[in-house]
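What follows draws every value from the coordinates through simple rules; no lab data is involved. Note that the structure is a prediction, hence the values are computed from the model and not measured. Here Cβ is always computed from backbone atoms with ideal geometry, including for glycine, and neighbour counts include all displayed protein chains.
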Number of protein chains: 2
Amino acid sequence: MNAENTPLRLKQLGIDTYKEAVIFMRKDCHVCRSEGFEVHARVRVTLGEKSIFATLNTIDNGLLKHGEVSLSKYAWQLLDAKIDDVVKLSHPHSLQSLSFVRSKLYGNSLKSFEIKHIIDDIAKGYYSDINIATFLSACAGGRLNNVEIIELTRAMVDAGEKLSWTNNVIVDKHCVGGLPGNRTTLIVLPIVAAFGLIMPKTSSRAITSPSGTADTMETLAPVDLNVNAMRKVVEQEGGCIVWGGAVSLSPADDILIRVERAMDVDSEGQLIASLISKKIAAGATHIVIDIPVGSTVKVRSLNTAQNLAALFKTVTNEFNIHSEIIITDGSQPVGRGIGPALEAKDVLAVLQNQSDAPNDLKERSLLIAAKIIEFSPTVKMGEGKKIASEILSSGKAWKKFQSICDAQGGLREPPTASFTHEITAKHKGRVSHIDNRQLSRLAKLAGAPHDPAAGVKLYAPLEKLVDKDEPLFSIHAESKGELQYAISLLSEVDDIVQVEALE
Amino acid sequence: MNAENTPLRLKQLGIDTYKEAVIFMRKDCHVCRSEGFEVHARVRVTLGEKSIFATLNTIDNGLLKHGEVSLSKYAWQLLDAKIDDVVKLSHPHSLQSLSFVRSKLYGNSLKSFEIKHIIDDIAKGYYSDINIATFLSACAGGRLNNVEIIELTRAMVDAGEKLSWTNNVIVDKHCVGGLPGNRTTLIVLPIVAAFGLIMPKTSSRAITSPSGTADTMETLAPVDLNVNAMRKVVEQEGGCIVWGGAVSLSPADDILIRVERAMDVDSEGQLIASLISKKIAAGATHIVIDIPVGSTVKVRSLNTAQNLAALFKTVTNEFNIHSEIIITDGSQPVGRGIGPALEAKDVLAVLQNQSDAPNDLKERSLLIAAKIIEFSPTVKMGEGKKIASEILSSGKAWKKFQSICDAQGGLREPPTASFTHEITAKHKGRVSHIDNRQLSRLAKLAGAPHDPAAGVKLYAPLEKLVDKDEPLFSIHAESKGELQYAISLLSEVDDIVQVEALE
């Protein structure tokens, strides 16, 4: 295999292709010729002990000299490479696990070792985006059975790191996404930690929504802590709210999510495996799962929610995790803000017991905190709510939140947007319907989550009586262009907040 | 939408990403900022009247100045762009057809207008590789019903150009791939054209095989003719053998095939739609479809072949195409050569009536030519074989082939490889099994089809009695490195040509 011995020197071109590893080579590179590498081929790139698979792009205008190659940003990271490092290229061995993906696509069930093999190869970065999209498609539409979901969960846990703690009870929570503004974690966590339970919380950034819990938390404190830094915060404060991507407890899942976002498809089975595997990796023993139901959120019917709940129970039981599943109302956003900073301001209002704090966010948070507190062997069922309320109203939760933020790198003020635009009621009436999806879309067009101050602020919840010209919601943006984008959506869609005239 | 009005000038970076359109922008480009474009986002790029969707890659090391952007080679082509042209960027409108893809993935049938919408968007280049992989996955594993296959065929025809001819009978042939060396087209076509029928043949290059018909033909004459040049050849000679990709009769299919290759998955329904749509686009009224069956080719059982044949009948009937479907033996390669030039040499031997011409290739070609000739209203059933044989043996077919090659740009000599390696029998015996897949893999490792002289030459067909040390097959390569690759495969796999010792 002569080309394996041909040295190629790395040059920096500064190209970022997101999380697909790409290698850039001269079109007339002698290694391409002798190895028969063609553009779009998958190539194995080896640097010292590390090896990755990368997709080949060719360059023909002299950016690279003979003997030079370049990598995409992600490939530099994966290989831990430096400029002028020498890499070797070879043909990737054919991936046996792709035949398991094909088999699944053709309708067969996957065996445990097949799933393990697929997830291991994904975690190692061996799959191209096209391979990953094929795997996710093969699993979507309810095509994973319970055994497959359990084995997928196990494979995802095994492919990453697993935290262990000395305490017997490690709690966690998760909300099955889709409900804008539902930032209960930032309130539940300090309550629970102040009570004395251990909650090492890793959260995600937005995938298709205007903000993920990690995005909202980031407007208040740093979230990109590594595992060691996270452990220190938890040991000191009993809890943390950090970005899961930095902790990287589930490397396979981080890769799947990226392609899932581009596909805009999720597979129920993969969602459960993804979620539970992260909880197991974080060391959780007891979890509360919140499933909001509503016509414009992810889970649209009680029936679907109940099936999902049963599936969660099956999987958590398999891994000896105590789970409490609550099905909640998802008919309208929680709190007032949608977008990182606007949601953070709602959270602060609740934690600081401000008189105008959004009550729905507070009540949801207390409900979840209560369930978690009741996991504690010293607390009787039904007593959780009282304990949680006392911790919040006394200011202990706010104090704990500040300590956690300090431990994560320092509490900061969420930013405020430079441009806003208010949408008002066309006539007097009662708010009869709110389209969560379109509100989220507005917030994203306005710049959320990449502009943390951008988003939507809702003034008129369901059933509110409003006068003509009374503000229904406002759009917040960091640039005039983005504000205009969001405003232009308003002309395309029907009333996002509907006001029914009263007789 | 302010960014639409911000001019950005095109700079050439010479980057080839194969057929995914990519736009390269500075990471700190003000348009990225104001529009909220993030790396990996899909962006609409407009130049004059043309618009494409491209995936955003960012560059942060000064290759681009402020106000400059670059495109991948494919995007330059799609936009017909020149250096210093000014493009405008905007957010792509969300693709409604992606919701139809999701619906299919979740198990619903696609309606006619939904399929049309999907294929139109694909043909326009609006789908990313991930979107296309999701669509193909949703259709794989027998998930398209007959109506969907028919509508997919129709949509693919409608998305491209359609040739029309003055003759009432326009013939064509197709072999459902996977049988190495099966280059009957290059023999059938001159026979049929010499007889007087019209056969405007577009062929494909190799997708996953060591050679496609277009690759083999290219070693004998140019094949990248556009529609007008192709029409001239057909009008003059009655037939042509050109590369379908240059003619671009089915732009949607060209895009699907690229992703299919990377997935290494094919969907039966999509295969049929792809194939029939190209025949309809070429103006065919009568076609012969050859389905080889064998344990190491694409169709492995007679039952599968019969189901496929029935499906072909259903679809061709729907479009008023007369089809003759033949199921043939696919247990071993056809002829001796596997790889573009080696196959071309087999073809020449048959056309020139050389005494050592491979008889299997000749007989298969005559069978198909006979069926096609019997499409002619002047020929009785059963007379085709005699007519075809006479045209071949008299040298008329060879003369016609030379004229066609001349019309396509000139007949040329297929190249011969610089390096060869012979594999011989370990003991005396009878050839009992040939692994077509591994022979193809060998030919590809040796450099086929990108090195046209590379490939495998088989000396020992099934049932042949061989002595110890008699050559079974040889590997041909253009470089020592590639020859070594191919040879190294031999140690990994069991006997590719098995010789059974005789008692």
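When only DSSP loop residues count, what GluC sites (Glu not before Pro) in the stretch A:447-486 have their Cβ near at most 16 other Cβ atoms within 10 Å?
In loop regions of the stretch A:447-486 (DSSP not H, G, I, E or B), the sparsely surrounded GluC sites (Glu not before Pro) are A:Glu463.
Considering Cα pairs under 8 angstrom that are at least six residues apart, work out the relative contact order of the stretch A:97-158 and quote it in whole percent.
Normalised by residue count, the contact order of the stretch A:97-158 is 46 percent.
Calculated FRET efficiency, B:Lys386 and A:Asn108, Cβ-Cβ r, R0 51 Å, to nearest 0.05?
Plugging the Cβ-Cβ distance into 1/(1 + (r/R0)^6) gives 0.55.
Using the Cα centre of the stretch B:411-503 as the reference point, and only Cβ charges (+1 on K/R, -1 on D/E), how large is the resulting charge dipole? Debye, rounded to the nearest 20.
Using Cβ point charges on Lys, Arg, Asp and Glu, the stretch B:411-503 gives about 180 debye.
Which loop GluC sites (Glu not before Pro) in the stretch A:99-187, with loop taken from DSSP, have no more than 14 other Cβ atoms within 10 angstrom of their Cβ?
A:Glu161
Roughly how far apart, in whole Å, are the Cα centres of the stretch B:381-454 and the stretch A:219-251?
63 Å
I need the phi-derived Karplus couplings for the stretch B:184-196: 6.51 cos²θ - 1.76 cosθ + 1.60, θ = phi - 60°, integer Hz, Gly and Pro marked x.
Calculated HN-Hα couplings, in order: 4, 3, 5, 9, 4, 4, x, 4, 5, 5, 5, 5, x Hz.
Compute the signed sum of charges (Lys and Arg +1, Asp and Glu -1) over the other residues within less than 12 Å, Cβ to Cβ, of A:Gly212.
Result for the neighbourhood of A:Gly212: 0.
Under a plain spin-label model, where a point goes 7 Å from the Cα along Cα-to-Cβ, how far apart in nm are B:Ser491 and A:Lys162?
Simple spin-label model gives 3.9 nm for this pair.
Go ahead and collect, in residue order, the members of the stretch B:176-193 whose backbone nitrogen is under 19 Å from a label point 7 Å along the Cα-Cβ direction of B:Ala246.
B:185-187, B:189-190, by backbone N distance to the label point.
Any idea which of A:Gly62, A:Cys240, A:Ser90 is furthest toward the positive side of the dipole for chain A, if Lys and Arg beta-carbons carry +1 and Asp and Glu beta-carbons -1?
A:Ser90
Find the relative contact order for chain A and round it to a whole percent, using C-alpha pairs within less than 8 Å whose residues are 6+ positions apart.
Dividing the mean separation by the residue count of chain A yields 14 percent.
To the nearest 10 degrees, how steeply does helix B:396-408 sit against the main Cα axis of chain B, on a 0 to 90 scale?
20 degrees
Would you mind ranking A:Arg437, A:Arg143 by Cβ crowding within 10 Å, fewest neighbours first?
Placing the least packed residue first, the sequence is A:Arg437, A:Arg143.
What is the set of long-range amide H partners of B:Ala206 at a cut-off below 5 Å, with H atoms built 1.01 Å from backbone N?
Distant-sequence amide H within range of B:Ala206: B:Gly212, B:Asp215.
By count of other Cβ within 10 Å, fewest leading, how are A:Arg441, B:Arg364 ordered?
A:Arg441, B:Arg364
How far is it, in nm, from the label point at B:His421 to the one at A:Asn359 when both lie 7 Å from their Cα along the line to the Cβ?
So the label points at B:His421 and A:Asn359 sit 8.1 nm apart.
Calculate one ³J(HN,Hα) per residue across the stretch B:161-175 by plugging θ = phi - 60° into the Karplus curve 6.51 cos²θ - 1.76 cosθ + 1.60, and present them in order as whole Hz with x for glycine and proline.
With coefficients 6.51, -1.76 and 1.60, one gets 7, 10, 7, 10, 10, 7, 5, 7, 10, 10, 9, 7, 9, 8, 10 Hz.
Suppose a student asked you for the relative contact order of the stretch A:1-114, using Cα pairs under 8 Å spaced at least 6 residues apart; what percent would you report?
So the answer I get is 38 percent.
For chain A, just give the cysteines left without a disulfide-compatible partner, judged by no other Cys Cβ under 4.7 Å.
A:Cys139, A:Cys175, A:Cys240, A:Cys405
Compute, for the stretch B:97-158, the length of the dipole vector about the Cα centre, with Cβ point charges of +1 (Lys, Arg) and -1 (Asp, Glu) only. Units Debye, rounded to 20.
Using only the charged Cβ atoms, the result is roughly 140 debye.
Measuring from a point 7 Å out along Cα→Cβ, what nm distances, shortest first, does B:His427 have to its partners in the other copies?
Ordered by increasing distance: 9.5 nm.
In debye to the nearest 20, how big a dipole does chain B give about its Cα centre with +1 on each Lys and Arg Cβ and -1 on each Asp and Glu Cβ?
It comes to approximately 680 debye.
What's the exposure ranking of B:His427, A:His421, A:His174, going from fewest to most Cβ atoms within 10 Å?
Ascending Cβ contact count within 10 Å gives the list B:His427, A:His421, A:His174.
Between the stretch B:308-342 and the stretch A:117-188, what's the alpha-carbon centroid distance in Å?
The distance from the Cα centre of the stretch B:308-342 to that of the stretch A:117-188 comes to 44 Å.
Tell me which residues come under 5 Å, amide H to amide H, from B:Cys175 once H is placed; ignore anything under 5 positions away on its chain.
Result for B:Cys175 returns B:Asp290.
Using a label position 7 Å from Cα in the Cα→Cβ direction, what is the ascending list of nm distances from B:Glu413 to the same site in the other copies?
Taking the point 7 Å beyond Cα along Cα→Cβ, the inter-copy spacings are 8.4 nm.
B:Asp85 versus A:His322, label points 7 Å from Cα toward the beta carbon: distance in nm?
That separation, rounded to one decimal, is 6.6 nm.
Multiply the residue separation of A:Gln402 and A:Thr208 by 0.36 nm, subtract the distance between their alpha-carbon atoms, and state the gained length in nm to one decimal.
Contour length minus the Cα-Cα distance gives 66.9 nm.
Considering amide H positions built from the backbone, and no H for Pro or chain starts, which residues 5 or more places from A:Thr328, or on another chain, come under 5 Å of its amide H?
It is A:Ile291, A:Val293, by chain and number.
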